[in-house]
Protein chains: 2
Amino acid sequence: MLSVLKRVPRASVAARAAARSYATEHNPPTRFESASVWQNEPSQPNLVTDSVPGPRSSELSKEIADFQDPRTHVVVADYAKSRGNYLVDADGNEMLDVFAQIASIAIGYNNPELLALAKTDEFAIAAMNRPALGSFPSNEWSETIHKGLLSVAPKGTPHLFTQMCGSCANEGALKAAFMAYRARQRGEQGIKDFTSEEARLSAFVYIDVLSDNSLDMQMSSCMKNASPGSPDLVAMSFKSAFHGRLFGSLSLTRSKAIHKLDIPAFDWPAISWPTMKYPLDEYASENAEAEARTIALVEEMIIAQKKKGKDVAALIVEPIQSEGGDNHASPSFFKALRTVTREHGVFMIVDEVQTGVGATGAFWAHDKWKLDHPPDFVTFSKKMQAAGFYHAEGTRASLPYRNYNTWMGDPMRALQAREMIGFIKAHGLVAHTAAIGDELYSSLTDLSKRYSGQIHNLRGKDCGTFIAWDAASAEQRDKFVAEMRKVGVVMGGCGDKAVRLRPMLVFGDKQKDVLLEKMEGVFKDMS
Amino acid sequence: MLSVLKRVPRASVAARAAARSYATEHNPPTRFESASVWQNEPSQPNLVTDSVPGPRSSELSKEIADFQDPRTHVVVADYAKSRGNYLVDADGNEMLDVFAQIASIAIGYNNPELLALAKTDEFAIAAMNRPALGSFPSNEWSETIHKGLLSVAPKGTPHLFTQMCGSCANEGALKAAFMAYRARQRGEQGIKDFTSEEARLSAFVYIDVLSDNSLDMQMSSCMKNASPGSPDLVAMSFKSAFHGRLFGSLSLTRSKAIHKLDIPAFDWPAISWPTMKYPLDEYASENAEAEARTIALVEEMIIAQKKKGKDVAALIVEPIQSEGGDNHASPSFFKALRTVTREHGVFMIVDEVQTGVGATGAFWAHDKWKLDHPPDFVTFSKKMQAAGFYHAEGTRASLPYRNYNTWMGDPMRALQAREMIGFIKAHGLVAHTAAIGDELYSSLTDLSKRYSGQIHNLRGKDCGTFIAWDAASAEQRDKFVAEMRKVGVVMGGCGDKAVRLRPMLVFGDKQKDVLLEKMEGVFKDMS
C-alpha cells in the first residue's frame, strides 16, 4: 500500500475540480505552500547513509548494470516514498530535489490529485487501450485536449500535433515546417476538405494520394532519398543549442560533442548564440550589440544558403538555451529573429521542451517576448508529460498521412497534462513561481557577493526559478553538485561549468530557505 | 464506472500471478477462448447506425478537426465499451477488430488483468512519477525488467535500451550501431568499469568525458555536423521497408512517397527486396534464386560503399515487410544476410516493431530463422507497448551519456509489458496463435480458390495470424476494406494493394469464423 496516499486526506475529484474552477476564476493565491498538499513532506533533507548513493542504491544499480548502462545513475529512487519536492532514494535518504528529473516533474512527487486521477476508470482505460490516435481517437479526446493542452495553447498556434517525447516533438514540427515550405513553393492550396466522406473512406488504407503527374519526379526521387523529392532544404539552429538526440534533432543540437560524436548528421547551418554579459540589464547596450551581430549573421546565413540552393526552411530556438548552459537573450533579440525569419519566409520553431509549463514565471517562456507575430511552431514535452507541438494556421500537412504515426502521442499523458494544468491554474503556480523566483534570485545575488569565487554570471532574473550561474571551472561545478548531494540536495549542471536550478512549480519558501542554507554551507566549505 | 470491469469477476493479482506461474511451468493450453476472459465479448459484429462512421463519430471527428487532422480517422472509438477482439465506436457499433490499432493491441481491449494492474499503487506511482530513467531509476526497475522484457529477450541480445516509440527504438539501435562501428575502427576497449565510484560521481553533470586529445578533431568536427566526427557512415535498408517516420528512420523507410516527400533524407543506400512468388513453398527454387540475387546485391553495395569511403555500418531489416506490403523471405535468406553482414563487419538490426510479440506464431519472428549468430540489435514497440531495443554484448556505448535521453522509455509501459508477457505465457497465446493462424491460412486458401479474382498471392503460411493477400488493384483493396467495415469488421491495408490481417493474440475460433463468414459475404457481393 502507498503510505503517501493514506496519510493525505483527499477530496473527491469532482469537489477538487469545483474548488479549482473557483480559484481560477476568482483570486488564485500568488504563494503556494506545499504543506497544504503534502502534510508529510520533509522540511529538511534527511540522510541516513554515510554516502549517497548508499549501499542499497548501489546494489540495485549493479543489478540494472546486467542489462542497461548504470554509469549515469545518480541514485536509485524510491518513488513510492518520494513526496512533494523531496526525492527519497532506495536507502531512505530524503533529498530536496531542485533538478526534478531533468526539469520534468511539474507539481511534485506523488501529487495526490495525480494519484487520484491514476486510480480512475478514465485513466485505466486510456492507459490500457492506447489507440492509433490518428485513425481511432477516443470519444473523450476532443474534450481532454480542449480542457487541457488547448487551454494553454500559445497565442497564434491553435493547432496541436501530439507525440511521444521532446525529440519527437521537435522533429515533428520540423517535418511540418519542411512540408509547409515546399507547399508554399508549389503553390498548394493549403488545408481544405477535412471532413468529406470520400476522404474518410479512402483514408483507412494507405493509398498514394500524391499520384498527381506533376509530382511524379518528386515522388520517385524521394524514394531514393534524393532531390528534389528529398529536398535540399536545411534547418538552422544555434550553437550550444540542445533540441534532442534523434537523427534530425541531433543535427540541430550543438551543445556537446559527447551527444553527437559518431552519429551521421545533416549538413545544416548553425549560428553562434550572442555572447551575453550578466546581469543582462547591467550590460544592456553591450548585449544589444552582441544580439544585433547575431541577427545579422542569421540573416547572412539565410541569404547565403539560398544562394547555394539550400534554403533555410526553419529556424529553431530555445527561449533560454538550457542544456547548453542557460544562455539567455533579450525579448528584443527574439523579436528581431521573428522579423528576419518572416522577411525571408523561414518558419520559426520555438523549442519550449525545457522552458515551458511555468518555470520561467510565464506559462510559456516566449509569452514574455510579446511578439507581434507569434512563432509558427511551439514544441513541448518534459514537465507537460504529454509531448508535441502547437502550430499556426496553414501549417497542417496538405494531405492526410503525411505527418502521421501509429501512436501520435499518448492519451493517458494528455489526461495527466489536463490534470496538471488544472492544478497549476487552481493554485496560481505560475505567479507563485515568478514571485518565489524573484526572491530566490535576489538571495542568490547576495550570496554571489559573499562567495564571489563560487557564483559567476548569475542569470535568470525575472525568469521565475529558471536560474543558473557559472562555477569557476567544470571541476568546481562538479564538486559543488557532488557536495550538495552530500548534504541532501539534488542539483544539475549544464553547459561547460554552469549549475542550473530546475525546481518544480511547488517549490516554495521553505524549500528556498533550505536550498540557500545548504548552498551557503557548501560554499563555505569549498572556500 | 467501468461496466466492463464490473461484469467480470476477477481474482486478486497475486492469485492470478500464481495461476499464471503454474500454467507457464506446466502445460499451457494451445487453444485460447476469449470468452474465458471477457464473458460479455460480442459474438458477432453489431452495427446500430446506417453507416460507419455514424453521426456521433462524425460529430466528434469534426470537433477534433478544430485542432488536429481528422482526415485519417476511421471511427471515433469508445474504449470504455470495447472488449476483447471487439472495438466499439462512439455510436455503439460493435466491430470485430483484426487491425488492432495498427497491430498494437496484444491481449484484447480492456483485458481485466491490465485494468487490474492499472488500479494498483505500483502502476499509479510509476505513471505519475516518470523518472529520468538513466539517472534516477526506481528501486523496482530491475525486477520489472527481469520479470518482463528480459524474460523474452531474443537469444544473443541480453542488453536492453528502452525508448518511447518504434521510430525512436530503430534510431536508438542505429545510433548504437554507428557508435560501435566507430569504436571498432578506433580500437576502443569496449565496455568496462561500469560501477566505479569515480564514474558515478562525475556522471551527474554532463562533463565532456571525451576530452582525449587523439579525439580532438573528431570532436570539433562533429560540432559542425562534419566528417570525421559526424562520420560518412551509412545505414542500409530494403526498398519497400518501413522503419519509422523520424529523420533517421524515415531515411531508412522506402515504402511510400507520401511518407517521405519534402523531408530531407540521408544519402543511404537501399536494395530491392527479393521478388517472391507465393505460396513460397510452391516456388521454392525460383524464390531461392531471387533471394540469392538480392544477397549478391547487398554484398556488392557494401563493397561499393566501402570503396566510396562510406562504409555501411548497419543493415536494418523487417522479418516480414509489413507496411510495405507483407513481403516475406525465407529463413535461408536471413541466414545469408547474417553471414554477409558478419563477413563485412556490418551490424544487423532486426526491426520487430510490427512482427514481434507472438503474432507470427513465434514470440519473435526471427526466432524461426534459427541463426547460428544472432542479430546485433532487435527493436520492438507496438504490441509490447513498451519500446526499445535489445542488443548484443559489446554494443553498449563506450562512455556514459552517449546513448541517453531524459526519459529513456516509460516504466509504466514496462509494467504493462511485464503483465502482458505474463498473460501471454499463462495462456500459451503464442502457440495458440500459431495454431489458429494455420487454420485461418488453410481456410483462406480455400476461399482464394473460390474467389480467385479477389485473393491473390495469399501469404503468411506458418506465420501465425500474420497473413496477407493482394487484391486485384488498389481500388479493389480499398473497396474491400470499406465493405468489410460496413459489415462490422475493422481491417487494414498495406503496400500497393494488399490486405493485412493483424488480429490480437486473443483472436480465437469464434472470431476466425466470423471473419471468414464476413469476408465471404463481401467477396460474393463484389464478384
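Computed over the protein assembly as shown, the per-residue total of -39500 (n - 2.57) for DSSP H runs of n ≥ 4 gives a 222 nm mean residue ellipticity of -12000 deg cm²/dmol, rounded to 500.
Each other copy places its own label point for residue A:217 at 4.0 nm from this one, sorted shortest first, where the point lies 7 Å along the Cα-to-beta carbon line. Note on A:493-501: average number of Cβ atoms from other chains within 10 Å of each residue's Cβ is 2. Dipole magnitude for chain B: about 140 debye, using +1 per Lys or Arg Cβ and -1 per Asp or Glu Cβ, origin at the Cα centre.
Charges were assigned to the Cβ only: +1 to each Lys and Arg, -1 to each Asp and Glu. The resulting dipole of the protein assembly as shown about its Cα centre is roughly 40 debye.
Ranked from shortest, the separations from the 7 Å Cα-to-Cβ label point of residue A:527 to its equivalents in the other copies are 9.3 nm. Between helix B:13-25 and chain B there is an angle of about 80 degrees, using the helix long axis and the longest principal axis of the Cα atoms.
So, in Å, what gap is there between the alpha-carbon centers of the stretch A:346-411 and the stretch B:348-373? First find each Cα centre; the distance between them is then 37 Å.
Need one word for the stretch B:394-444: rounded, prolate or oblate. Basis is the Cα gyration tensor (sqrt eigenvalues a ≥ b ≥ c); a/c below 1.5 gives rounded, then a/b vs b/c decides. Prolate, since a/c reaches 1.5 and a/b exceeds b/c.
Under 20 °C and 1.002 mPa s, how fast does the protein assembly as shown diffuse according to Stokes-Einstein, given a Kirkwood radius computed over C-alpha pairs? Answer in µm²/s, whole number.
The estimated diffusion coefficient comes to 73 µm²/s.
Distance from the alpha carbon centroid of the stretch A:37-101 to that of the stretch A:290-330 works out to 40 angstrom.
Using only the alpha-carbon atoms, how far is helix A:55-65 inclined from the longest principal axis of chain A? Give it as 0 to 90 degrees, nearest 10. The helix A:55-65 is inclined about 20 degrees to chain A.
Each Cα pair under 8 Å and six or more residues apart adds its sequence gap; the mean of these over the residue count of the stretch A:286-364 is a relative contact order of 32 percent. Selection among A:339, A:469, A:440 by position relative to the dipole of the stretch A:330-483 gives A:339 as farthest towards the positive end (Cβ unit charges, Cα centre). For the residue pairs B:81/B:461; B:62/B:239; A:277/A:306; B:277/B:368; A:306/B:307, the alpha carbons lie more than 27 Å apart in B:81/B:461; B:62/B:239; A:277/A:306; A:306/B:307.
What separates the Cα centres of the stretch B:438-468 and the stretch B:107-176 is a distance of 35 Å.
The HN-Hα couplings worked out from phi for the stretch A:436-448 by the Karplus form 6.51 cos²θ - 1.76 cosθ + 1.60 (θ = phi - 60°) are 5, x, 4, 5, 5, 4, 5, 5, 5, 4, 4, 4, 5 Hz, whole numbers, x standing for Gly and Pro. For peptide A:158-168, the mean count of partner chain Cβ atoms within 10 Å of a residue's Cβ comes to 5. Since only A:484, A:494, A:168 are under comparison, the one whose Cα sits farthest along the positive direction of the charge dipole of chain A, derived from C-beta charges on Lys, Arg, Asp and Glu, is A:168.
Helix B:411-426 and the long axis of chain B differ in direction by around 60°, with both axes built from C-alpha atoms. Among B:420, B:375, B:400, pick out the residue whose Cα is farthest towards the positive end of the charge dipole of the stretch B:371-434, where Lys and Arg carry +1 and Asp and Glu carry -1 on C-beta, about the Cα centre. Of the candidates, B:420 comes out farthest on the positive side. Short-range pairs are left out: with C-alpha atoms under 8 Å and at least six residues apart, the relative contact order of the stretch A:229-302 is 25 percent.
For a quick check: sort A:332, A:452, B:255, B:237 by the number of other beta carbons within 10 angstrom, fewest at the front.
Listing A:332, A:452, B:255, B:237 from fewest to most nearby Cβ atoms yields A:452, A:332, B:255, B:237.
The mean sequence distance of close C-alpha pairs (under 8 Å, at least 6 residues apart), as a share of the length of chain A, puts its relative contact order at 23 percent.
The ranking of A:456, A:427 from fewest to most other beta carbons within 10 Å of each one's beta carbon is A:456, A:427.
Report the FRET efficiency, 1/(1 + (r/R0)^6), for residue A:509 and residue A:292, where r is their Cβ-Cβ distance and R0 is 35 Å, rounded to 0.05. The value I calculate is 0.30. Sorting B:390, A:404 by the number of Cβ atoms found within 10 Å of their own Cβ, with the fewest placed first, yields A:404, B:390.
We did not get these values from a lab; they are worked out from the coordinates using the rules stated. Model, not experiment: these values are computed from the prediction. Neighbour counts run over all protein chains shown; Cβ positions are idealised from the backbone, glycine included.
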